[in-house]
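Worksheet: the structure to be examined is printed underneath.
Where a number appears in this text, it was derived from the coordinates with a stated rule and is not lab data. Model, not experiment: these values are computed from the prediction. Neighbour counts run over all protein chains shown; Cβ positions are idealised from the backbone, glycine included.
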There are 2 protein chains.
Amino acid sequence: MLHVSQRGAAMPLSPYRKLTPFADAAKQRGVHVHHLNIGQPDMETPPAMLAAVQQADLRVLEYSHAAGHASYRQKLARYYRQAGIGVEAEDILVTTGGSEAILFALLSCLNPGDELIVPEPFYGAYTAFAVAADVRIVPVTSTLEEGFALPPVAAFEQRITPRTRAILLCNPNNPTGHVYSRAELEQLLGLCQRHHLYLLSDEAYREFCYDGAYVSALHLPGAEEHVVILDTISKRYSACGARLGAFVTKNKAVLGAAFRFAQMRISPPGLAQLLGEAAADLPADYFQHTKAEYQARRDLLVNRLRELPGVRCPVPGGAFYVMAHLPIDDAERFAQWLLEDFEYQGQTVMVSPAAGFYATPGLGRQQVRLAYVINQHDLEQAINCLAAALHVYPGRKRPQMERILNG
Amino acid sequence: MLHVSQRGAAMPLSPYRKLTPFADAAKQRGVHVHHLNIGQPDMETPPAMLAAVQQADLRVLEYSHAAGHASYRQKLARYYRQAGIGVEAEDILVTTGGSEAILFALLSCLNPGDELIVPEPFYGAYTAFAVAADVRIVPVTSTLEEGFALPPVAAFEQRITPRTRAILLCNPNNPTGHVYSRAELEQLLGLCQRHHLYLLSDEAYREFCYDGAYVSALHLPGAEEHVVILDTISKRYSACGARLGAFVTKNKAVLGAAFRFAQMRISPPGLAQLLGEAAADLPADYFQHTKAEYQARRDLLVNRLRELPGVRCPVPGGAFYVMAHLPIDDAERFAQWLLEDFEYQGQTVMVSPAAGFYATPGLGRQQVRLAYVINQHDLEQAINCLAAALHVYPGRKRPQMERILNG
């Protein structure tokens, strides 16, 4: 009898995947499902990017350089410099999506059994990458009550052991939408400097900050040795399917290690790099429209949520997610019930139960992540569904009870 | 002071990479470099594949399903069935190149520290994947004298320990071009059955067999539980830069584990899947022309090589590589000398020193891998260079000496 590996068995099935059959069944019954559950933007990929592939003179789809085409790396460096991030082409390794950048960072900075501190809730796939790279995630909890701000640096310090090698931060944050301030980042970098840790900064949502300027980890003085930016074109240009990302660092030793891992897969996707070059050539005001649209959606979603009895949520400063506390017994049960047993005017809504974003068991049971990746009209409809659902859900909790339970 | 991980430090720089600066310098001097060193086909990617991307109605480049688009998986299953490999869409996980299929196989079938037996010489990147997955490659040596046939099964059996989990075979073989016979495969499968091992079968070059029918590991009765096919469209459709591969198995537990690893990167490249669908729709005779061209090149290369004093090579039955023994002191030195100190009629040739394909230290020092991925006219020129070079290379060995040295 053959067995799969222990790590293969330990690999979690994504919570999204568990709910998919119920969503499919609802659609089969003719119910329209509003997908607030995944970070798949509805925005059009910029036509200039698509044209760059569709009008290219292609004959042989060759491997590119393992670090990406020189022309793309140069253009990407220019994009970063325009964002105030002082890097050159040679500081950039082009990757297959942000995913590969995350994997290369774990493989290059940590050994098997080493520890990675991550503020929770965090992007669920980090757990999977940690299993693949055989490293241990040590969570530090941020709370909805504090707007998912960075936990006190002392909370990180308490978790540091001789096996700790890095802190991983998603900024703006998925799933919380929190944008870390310069002060928060400086505290973290200081900690990394004192304890000789890497600061892995997942900046996939950099361009979507609604209430102020964005601070990248590489904006900070003294960050050069410590910081690796993990990046992707997926969200900022609505090009998730392209699978094009970047591993960016001024630390030559880490870049060298990541490059050697990159050599094993010979090259990142070629057509995607054509998209990427065109993206870097987009006019500087490209993000204005997209950002304004997301901001309007955020305001709509947050304002409506806050009117619902027993619902609490901070105003997220960035990305396109809201984490909300709902007056329910269990978000996984609620999410399934929405798809299986509920409809409102022929519609329902699919949400992400938040437990999948926490490493600490039991946390997030009453929270859901909502992605505002559908247009405002549909978003209104989706919120109407959610409001109606909270009225009739059998596992609902009365706001008075809630107040007592939560002190 | 920060350190890169031990695995990052252990990751080898590809031998190709070491020679690249010398090739660049030769080109700077105006010398034409014939690239026989890499498996990058010169054949055109089928225009129907390119048209499928260039004429598609694209608006939003969305994530695909983690296992690939259902439509592509169905078409790919049809391709396999036409090749006599009885699989369905649900036996296929679409991957980012064959590379990702290799990585997922190691992660899903082996635990950290487990052992993987591989006949050497083998594709150099296997070493890198083994470092990334923290598994140990145990080589079993095949020899040029035996035409790189499968070593006796007893040689494999001797290397099996309690940590052995799988055998990895590349068929047709890179770098040797050897095509394993049904008898060879049956012996290996029998061994895997007796010792409860996986048989990981890298079949990237399936369509390029020149002297007889191809036998896939999944053609064998009783293979279902043991075999995982690692595949790619890179070579067969000259689409290396697309990064599209497949992980194919009838073993549901292994497929499930690989699928969970696949979820971490959400989806394989989207545009590449459009290429892949068009590839699966190509007429059945598509490979005839390509195969005939490669076969003509092989015959030209092998016949010319065998005329050169002191050069020995088997006739490889498949893929597009020849491994040749040269009358030289050291292939790495020779390869560098070709680029740095030699030219013939304004040209030179870049070869792959074979030591990088062996795990056993000291083996392959007098061997090079030559890829016949340039047209016949250029190939003639490249061989002329090689012949001239062997006359004047300072580290050449006289055939008489060779005979004495090799017994």
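I want to check the label-to-label distance for residue B:292 and residue A:163. Put each point 7 Å from Cα in the C-beta direction and report it in nm to one decimal.
Modelled inter-label distance: 6.2 nm.
Please give the charge dipole size of the protein assembly as shown, origin at the Cα centre, charges +1 on K and R Cβ atoms and -1 on D and E Cβ atoms. Round to the nearest 20 debye.
920 debye
For the stretch B:94-143, what does the alpha-carbon gyration tensor say about shape, rounded, prolate or oblate, given a ≥ b ≥ c as the root eigenvalues, a/c under 1.5 as rounded, and a/b over b/c as prolate?
oblate
Can you tell me what percent of all Cα-Cα pairs in the stretch A:227-322 are more than 17 Å apart?
Tail fraction, whole percent: 66.
Provide the FRET efficiency to the nearest 0.05 for the residue B:90-residue A:193 pair, computing r from the beta carbons and using R0 = 41 Å.
The formula returns an efficiency of 0.20 here.
State which helices in chain A qualify, where a helix is a whole DSSP H run, it must extend 27 Å or more along its own axis by its Cα atoms, and its mean Kyte-Doolittle hydropathy must be at least -1.0.
Helix filter hits for chain A: none.
Just from its helices, what would the mean residue ellipticity at 222 nm be for chain B, if runs of 4 or more DSSP H residues each count -39500 (n - 2.57) and the sum is divided by every residue, rounded to the nearest 500 deg cm²/dmol?
Here the helix-only value at 222 nm equals -12000 deg cm²/dmol.
DSSP beta bridges in the stretch B:47-280, what fraction antiparallel, as a percent rounded to 5?
Approximately 35 percent, going by the DSSP bridge assignments.
Given the stretch A:47-280, what whole percent of its Cα pairs are spread farther than 23 Å?
Beyond 23 Å sits 46 percent of the P(r) for the stretch A:47-280.
Hey, if you put +1 on the Cβ of every Lys and Arg and -1 on every Asp and Glu Cβ in chain B, which of B:40, B:60, B:86 ends up farthest toward the positive end of that dipole?
Value: B:40.
Jot down the per residue volume, in cubic angstrom and as a whole number, of the convex hull over the alpha-carbon atoms of chain A.
Expressed per residue, the convex hull around the Cα atoms of chain A is 167 Å³.
Per residue of B:91-103, how many C-beta atoms from partner chains lie within 10 Å of its own C-beta, taken as a mean?
Per-residue shielding by partner chains comes out at 2.
If you restrict to DSSP beta bridges whose two residues both lie in the protein assembly as shown, what percentage is antiparallel, to the nearest 5?
If we restrict to bridges inside the protein assembly as shown, about 50 percent are antiparallel.
Where a Cα-Cα gap under 19 Å defines reach, which aspartates and glutamates qualify for residue B:75, not counting those fewer than 8 residues away within the same chain?
B:88, B:90, B:91, B:203, B:207, B:231, B:277, B:281, B:285
How high is the relative contact order of the stretch A:54-187, in percent, with contacts defined as C-alpha pairs under 8 Å that are six or more residues apart?
For the stretch A:54-187, the relative contact order is 20 percent.
Rounded, prolate or oblate: which one fits the stretch A:39-81, using the alpha carbon gyration tensor with axes a ≥ b ≥ c (rounded when a/c is under 1.5, else prolate when a/b beats b/c, else oblate)?
oblate
Considering only the label points, 7 Å along Cα→Cβ from Cα, what distances in nm to one decimal separate residue A:299 from the same position in each other copy, shortest first?
Sorted ascending, the copy-to-copy spacings read 7.5 nm.
Under the convention of a label 7 Å out along Cα→Cβ, give the distances in nm from residue A:47 to the same position in every other copy, shortest first.
2.7
As an exercise, use a Förster radius of 30 Å and the Cβ-Cβ distance of residue B:143 and residue B:300 to find the FRET efficiency, rounded to the nearest 0.05.
After rounding, the FRET efficiency stands at 0.75.
Taking a quarter of the surface of the Cα convex hull of the stretch A:62-139, what do you get in nm²?
Reported value for the Cα convex hull: 6.5 nm².
Where in the stretch B:269-285 does the label zone of residue B:48 land, with the point 7 angstrom along Cα→C-beta and an amide N cut-off under 17 Å?
Only B:273-285 pass the distance filter.
Using the charge dipole of chain B (Lys, Arg: +1 at Cβ; Asp, Glu: -1 at Cβ; taken about the Cα centre), state which of B:247, B:129, B:8 has its Cα farthest towards the positive end.
B:8
For chain B, what is the charge dipole size about the Cα centre, in debye to the nearest 20, if Lys and Arg each add +1 at the Cβ and Asp and Glu each add -1 at the Cβ?
540 debye
Between residue B:391 and the same site in the other copies, what are the distances in nm, shortest first, taking label points 7 Å from Cα along the C-beta direction?
Copy-to-copy label distances for residue B:391: 9.5 nm.
Taking only Cα atoms of the stretch B:128-250, what ratio of Rg to Rh do you get with Rh as the Kirkwood inverse-distance radius?
0.95
Run the Debye formula on the Cα coordinates of the stretch B:1-153, all scatterers equal and no solvent, and tell me log10 I(q)/I(0) at q = 0.12, 0.16, 0.18 1/Å.
The Cα Debye sum returns log10 ratios of -0.92, -1.30, -1.31.
With an 8 Å Cα cut-off and a minimum separation of 6 or more residues, compute the relative contact order for the stretch A:47-280 in percent.
30 percent
In whole angstrom, how far apart do the alpha carbon centroids of the stretch A:1-42 and the stretch B:58-88 sit?
Going from one Cα centre to the other spans 19 Å.
Longer than 19 Å from Cα to Cα, which of A:18/A:397; B:27/B:291; B:235/B:291; A:235/A:291 are they? Say none if no pair is.
Among A:18/A:397; B:27/B:291; B:235/B:291; A:235/A:291, the Cα-Cα distance tops 19 Å for A:18/A:397; B:27/B:291.
Based on the Cβ-Cβ distance of residue B:153 and residue A:3, what FRET efficiency does E = 1/(1 + (r/R0)^6) give at R0 = 22 Å, to the nearest 0.05?
0.40
Ignore the peptide's own chain and count Cβ atoms of other chains within 10 Å of each Cβ in B:59-69; give me the average, rounded.
For peptide B:59-69, the averaged partner shielding equals 6.
If each residue's Cβ is checked for other Cβ atoms within 10 Å, how do B:180, A:210 rank with the fewest at the top?
A:210, B:180
Report the relative contact order of chain B, percent, no decimals, based on alpha-carbon pairs under 8 angstrom and at least 6 residues apart.
24 percent
For A:234-240, what's the mean count of beta carbons from other chains sitting within 10 Å of each residue's beta carbon?
Mean number of neighbouring Cβ atoms from other chains: 3.
Starting from the alpha-carbon convex hull of the protein assembly as shown, give the projected area averaged over all orientations, in nm².
34.4 nm²
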